[in-house]
Amino acid sequence: MKYHVKDINLAKQGRLRIEWANEGMPVLNSIKERFMKTKPLKGLKLSACLHITSETANLADTLKIGGADVVLCASNPLSTQDDVAASIVKDLRIPVFAIKGEDNRTYYSHINAALDHRPMITMDDGADLVSTLHTARRKNLDDVIGGTEETTTGVIRLRSMAKKGVLAYPIIAVNDADTKHFFDNRYGTGQSTIDGILRATNRMIAGTNFVVCGYGWCGRGVASRANGMGARVIVTEVDPLKAIEATMDGYTVKPMSEAAKMGDFFVTVTGDINVIRKEHFLLMENGAVICNSGHFNVEIDIPALEKIARKKRRIREFVDEYTLPNKRRVNLLGEGRLINLAAAEGHPPAVMDMSFANQALSVEYILKNSKKLKKDVYNVPQDIDREIARLKLASMGIKIDRLTREQKEYLTSWEMGT
């Protein structure tokens, strides 16, 4: 078996982390039990470009138990947990191509190694696997019947490809499932981003000005958690509807040109490029902390920061201090990459439980329905979304009401009024 991990001898510790995460993933485990009996993925070759974490290991194990032949590579150079990667190879017997801190050349060599598997289904987290397949590896497109995408950033890219008529196979936007983005993006990103900031800096958040750039589901989550820790939250937005929502949620909304003068912490969660730029760096207070929780390291204009800085030093493991021409210092966390995975462990298992349940069931759906699907981006079928919510509630011991026959009739009628 070919693989490329940092150190295979790290597998023992990785195995313990995988077991710990598995205890918090009851929905995925229920799917795993069914997959073990029915083998719905038998004969499927699948390549997945995901964050290589303990939760991902449990997804890969579920897919393999369901009959799939799985290969994994990293979707971000700084998100791999090296001990987990080793355990996936040694204990789960699944090839992994991922090393934390890998350079750009190695990153893409790992993506190509995953594509050497000649997958029938792709599973992506940011669409780098799909974009490589559509450019440098077009010869392998004939093997592919469908794919899934985990992130907001990736879905944006894929919908653009579909709109331009270049998407070569159907893809399910797992990110857009209610049981994914309501929970993963809001609660998962909210908690894990704060976790990453605290691990990287050990700074107090209470009493500070905390700037959240973007008020999508991830931004909502980060703002909520920062507010809960006693920060004064400032939101920057370009969408008037989201700006109104942030205002009505009790936050201060300002353009970045004003927020830059006030912030102690800055977090970008927009999915767009150069949200914090040269002119903003020069306005920041001395000691400002800047980080990103969007998928790619493009939301902060790091080349501009490098260019204007008079001095740079790594003052802590995940903190690069830049001294600007005005002698003020700004601190960039995690090289501008996902701070929740660069400096912390990403989303809690309880959140990834639903996200990865969507992944597993969407793969099963594609395998059954690929011939009916066009070359487009699809939402997760609503019955899958609701089933995952039902399983999650059951695992939490929560019961809900059911509609009576009378209520069902009322909701489908037009005759009954006041």
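Positive end of the charge dipole of the chain (Lys, Arg +1 and Asp, Glu -1 on Cβ, about the Cα centre): tell me which of G228, L241, L129 has its Cα farthest that way.
L129
Under a plain spin-label model, where a point goes 7 Å from the Cα along Cα-to-Cβ, how far apart in nm are D376 and K12?
Rounded to a tenth, the inter-label distance reads 5.4 nm.
Quick one: with all protein chains in place, what share of the accessible area of segment 202-294 is carbon or sulfur, to the nearest percent (1.4 Å probe)?
Values: 2140 of 4040 Å².
Here it works out to 53 percent.
Rounded, prolate or oblate: which fits the chain when a ≥ b ≥ c are the square roots of the eigenvalues of the alpha-carbon gyration tensor, with rounded for a/c under 1.5 and prolate only if a/b beats b/c? Write down the numbers at each step before the final one.
Details: a/c = 1.69, a/b = 1.23, b/c = 1.37.
Judged from the Cα gyration tensor, the chain comes out oblate (a/c at least 1.5, b/c at or above a/b).
Test of understanding: in a Gaussian network model of the chain with alpha carbons linked when under 10 Å, which of M262, M396, M25 would top the mean-square fluctuation ranking?
Highest fluctuation among the options: M396.
For segment 174-189, take each phi angle, set θ = phi - 60°, evaluate the Karplus expression 6.51 cos²θ - 1.76 cosθ + 1.60, and give the result in whole Hz per residue in order, putting x for glycine and proline.
With coefficients 6.51, -1.76 and 1.60, one gets 4, 3, 8, 5, 4, 6, 9, 6, 4, 9, 4, 5, 7, 7, x, 5 Hz.
Karplus couplings for segment 365-378 from phi (6.51 cos²θ - 1.76 cosθ + 1.60, θ = phi - 60°), rounded to Hz, Gly and Pro as x?
Going residue by residue, I get 5, 4, 4, 7, 10, 4, 5, 8, 8, 8, 7, 8, 9, 10 Hz, with x marking Gly and Pro.
Modelling each spin label as a point 7 Å along the Cα-to-Cβ direction, I'd like the E409/M36 distance in nm, to one decimal.
Each label point lies 7 Å from its Cα, and together they span 4.6 nm.
Report the GluC sites (Glu not before Pro) located in segment 289-332 that are in a DSSP loop and have at most 15 other Cβ atoms inside 10 Å of their Cβ, or state none. Before the final figure, lay out each step's value.
Values: sites: E299, E306, E317, E321; in loops: E299, E317.
Of the GluC sites (Glu not before Pro), the ones in loops of segment 289-332 whose Cβ has at most 15 other Cβ atoms within 10 Å are E317.
Where Lys and Arg each count +1 and Asp and Glu each count -1, what net charge lies around D82 among other residues with Cβ under 14 Å from its Cβ? Walk me through the intermediate numbers first.
On the way: positive: K6, K12, R15, R17, K90, K100; negative: D7, D83, E102, E345.
Around D82, the charge tally is +2.
Comparing Q359, Q191, Q13, which has the greatest mean-square fluctuation in the GNM of the chain with Cα pairs linked when under 10 Å apart?
Most flexible of the set in this elastic network: Q13.
Where in segment 249-311 are there trypsin sites (Lys or Arg not before Pro) that are in a DSSP coil and have at most 16 other Cβ atoms within 10 angstrom of their Cβ?
Details: sites: K261, R277, K278, K307, R310, K311; in loops: R277, R310.
Those that pass, being in a loop and sparsely packed, are R277, R310.
Using 0.36 nm per residue, how much length does the chain from S257 to A206 gain when fully extended, once their Cα-Cα distance is taken away?
Details: separation 51, 0.36 × 51 = 18.36 nm, distance 2.34 nm.
Computed gain between S257 and A206 is 16.0 nm.
On a full-extension model of 0.36 nm per residue, what is the gain between T418 and D178, subtracting their alpha-carbon distance, rounded to one decimal in nm? Could the numbers behind the result be given before it?
Numbers: separation 240, 0.36 × 240 = 86.40 nm, distance 3.27 nm.
Length difference between fully extended and current span is 83.1 nm.
What is the sum of charges around G336, taking Lys and Arg as +1, Asp and Glu as -1, for the other residues whose C-beta is under 10 Å from the C-beta of G336?
Numbers: positive: R337; negative: E299, D301, D320, E335.
Charge balance in the 10 Å sphere: -3.
For segment 254-264, take each phi angle, set θ = phi - 60°, evaluate the Karplus expression 6.51 cos²θ - 1.76 cosθ + 1.60, and give the result in whole Hz per residue in order, putting x for glycine and proline.
Each residue of segment 254-264 in turn: 9, x, 4, 4, 8, 4, 4, 6, 10, x, 9 Hz.
The values are calculated or read from the model by the stated rules, or taken from the named source; none is laboratory data. This one's a predicted model, so the numbers in the text were calculated from it and none came from an experiment. A quick note on method: Cβ atoms are made from the backbone with ideal geometry, for glycine too, and the neighbour counts reach across all protein chains shown. For the accessible areas, the whole protein counts, side chains as well, though only heavy atoms, and no ligand, DNA or RNA atoms are used. Shrake-Rupley method; radii C 1.70, N 1.55, O 1.52, S 1.80 Å.
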